[in-house]
1. What's the number of the only condition in (1) closer than 18 Å to Thr194 by Cα; (2) crowded, with 24+ Cβ neighbours inside 10 Å; (3) not charged (D, E, K, R) that Leu455 fails to meet?
2. Residue by residue through the stretch 252-309, note down the ones that are open to solvent by 90 Å² or more (accessible area, probe 1.4 Å), touching a residue at least 12 places away in the same chain (Cβ under 8 Å) and of a type in the set (A, V, I, L, M, F, W, C).
3. Just the residues that are assigned to a helix (DSSP H, G or I) and either under 19 Å from the mean Cα position of the chain (by Cα) or on the phi > 0 side of the Ramachandran plot (or both), please, taken from the stretch 279-321.
4. Applying the selection to the stretch 425-445, what residues are touching a Leu at 6+ places or on another chain (Cβ under 9 Å) and open to solvent by 10 Å² or more (accessible area, probe 1.4 Å)?
5. Scan the stretch 323-346 for residues that are surrounded by 17 or more Cβ atoms within 10 Å (Cβ to Cβ), more than 23 Å from the chain's Cα centre (by Cα) and more than 14 Å from His367 (Cβ to Cβ) and report the count.
6. Just to confirm my filter: which strands (runs of 3 or more DSSP E) fall fully inside the stretch 81-153 and include at least 3 residues that are within 16 Å of ligand 3 (Cβ to nearest atom) and open to solvent by less than 10 Å² (accessible area, probe 1.4 Å)?
7. Do we have any residue at all in the stretch 383-405 that's open to solvent by 50 Å² or more (accessible area, probe 1.4 Å) and of a type in the set (Phe, Trp, Tyr)?
8. Give me the pairs, please: first residue somewhere in the stretch 129-150 and in contact (Cβ under 8 Å) with a residue 12 or more places away in the chain, second residue anywhere and β-branched (Val, Ile, Thr) and within 16 Å of ligand 3 (Cβ to nearest atom), beta-carbon distance under 9 Å, and either six or more positions apart or on two chains.
Amino acid sequence: MAALDTVLAKIDANLNSALGRLFKLVEIPSVSTDPAYAGDCAKAAEWLAAELRSIGCEASLRPTNGHPMIVGQAKAGRPDVPRVLFYGHYDVQPPDPLDLWETPPFQPRIVEAETGKRIVGRGVADDKGQLMTFIEACRAFKETGGLPCHITFFLEGEEESGSPSLPAFLAENAAELKADMALVCDTGMWDRETPAITIMLRGLVLEEVVIHAASRDLHSGIFGGAAVNPIHVLAKIIAGLHDEKGRVALPGFYNGVSELPEEIAEQWRELRFRGSDFLGGVGLSVPAGEQGRDILEMVWSRPTCDVNGILGGYTGKGSKTVLPAQASAKFSFRLVGSQDPDKIAETFRAFVTERLPADCRAEFTSHGASGALQLPFSSEALSLARRALQAEWGKEPVLAGCGGSIPVVGAFKDDLGMDTLMIGFGLEDDRMHSPNEKYELTSFHKGIRSWARVLNALAL
Ligand code: BES
Ligand code: MN
Ligand code: MN
């Protein structure tokens, strides 16, 4: 194995060609949720498998009922080094609304901003640019002598649509995927100078409700006043989901949610998080969640209930005097601590059902349920990774929470018995899932260098 400096120099020399490779991947519109892009998802998977083979890895596509998984194996030069499993996802969120993009979403380009160069395109931050930081680090090792760890690559194409094929795939391929630990590059930095290792993820329960009332849409002049309006029923139920203090009103919702240990609360206060900048950056000023809590606490360690979409009645141009036969809404709950996802889905359904007036009926669909995750605050791997990141960025990494969810990390723990190191280089203003998604060139470049240092450290 070559000295780390040689590998880092190789990474610097490869940066332009690495960007070219990332652009090729971003050009493939692998939107997992929309069946119209299934061919592109397959194409992205093929492209990545070829990419892994080009760095000497044995890689293959594994068909699922949805989009293919990619599994690759690469051996280190020495036998007696750790085996790590690297996970990333090649699927992306839909690019809509298209008219808000300043440049086409699947024609990546470098844009000069005040803070430096950035890469713009759908998926550059979530998760194509991030997963390529890891693959490019491996390429540099391969080109200078060999990998420091045995690596299993595991790339998914359904993360953005709830990973429907993942549980069965993990169960069926456990022996092949099991490693000493997992590495995931799908999270962010603390700020543009300070790296982070994420040790908490919120869980996620996704529920859809359709409320049915009359047997057909009605004339609101003929029936208005006499017939129940399912939009009103739904609105009232939604309004009842939070109390006046911003707490979620489902019975037992906070079971399993504990107050932050004082030691962690203190660490978080020391981070001097600027809540006003956080909200100000998206045109807001007043925190709207649970009263009396810090904003960082709200997004890292408190649970939520949100309506993500609502539909019913006439929403076209002009007006229509109609009483709709049905109304529907999509809900998401972010979970923390040991809140039980199945229990919460059940309580939610009971809450809705109990509030239905005569002649109304609710139909429920689950779009997934996974619990929150808490990784250990100290471990050998964590210390090694902290030192490696400190060496690259010149700053001690923050042990961070994350408001988002990455269900696979819980499955690695529960089904494969592995802890995960979550290291990523995204920034708060990367506009993940939004128009004009970007990834800083420094995130990409120093992200690759960071992985080289982390892999090197884990092998020592
Ligand atoms: N990369 C994100 C998770 C994430 C969110 C990391 C925010 C850092 C900050 C991941 O791709 C994602 O979007 N997860 C979804 C869940 C999924 C089931 C759609 C989420 O958190 O909403
Ligand atoms: Mn992601
Ligand atoms: Mn995402």
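The values are calculated or read from the model by the stated rules, or taken from the named source; none is laboratory data. Fair warning: this is a prediction, and the values are worked out from it, not measured in the lab. Because the Cβ atoms are built from the backbone with ideal geometry, glycine has one as well, and the counts that use them run over all protein chains shown. Surface areas here come from the heavy atoms of the whole protein model, side chains and all, with no ligands, DNA or RNA. Shrake-Rupley method; radii C 1.70, N 1.55, O 1.52, S 1.80 Å.
1. All conditions pass for Leu455, except number (1).
2. Residue satisfying the conditions is Ala288 alone.
3. Once the filter is applied, which keeps residues that are assigned to a helix (DSSP H, G or I) and either under 19 Å from the mean Cα position of the chain (by Cα) or on the phi > 0 side of the Ramachandran plot (or both), the stretch 279-321 yields Leu296, Glu297, Met298, Val299, Trp300.
4. Ser434, Pro435, Asn436, Leu441, His445
5. Going through the stretch 323-346 one residue at a time, the tally reaches 5.
6. Once the strands (runs of 3 or more DSSP E) in the stretch 81-153 are filtered for at least 3 residues that are within 16 Å of ligand 3 (Cβ to nearest atom) and open to solvent by less than 10 Å² (accessible area, probe 1.4 Å), what remains is 83-89.
7. no
8. Gly129/Val26; Gln130/Val124; Gln130/Thr187
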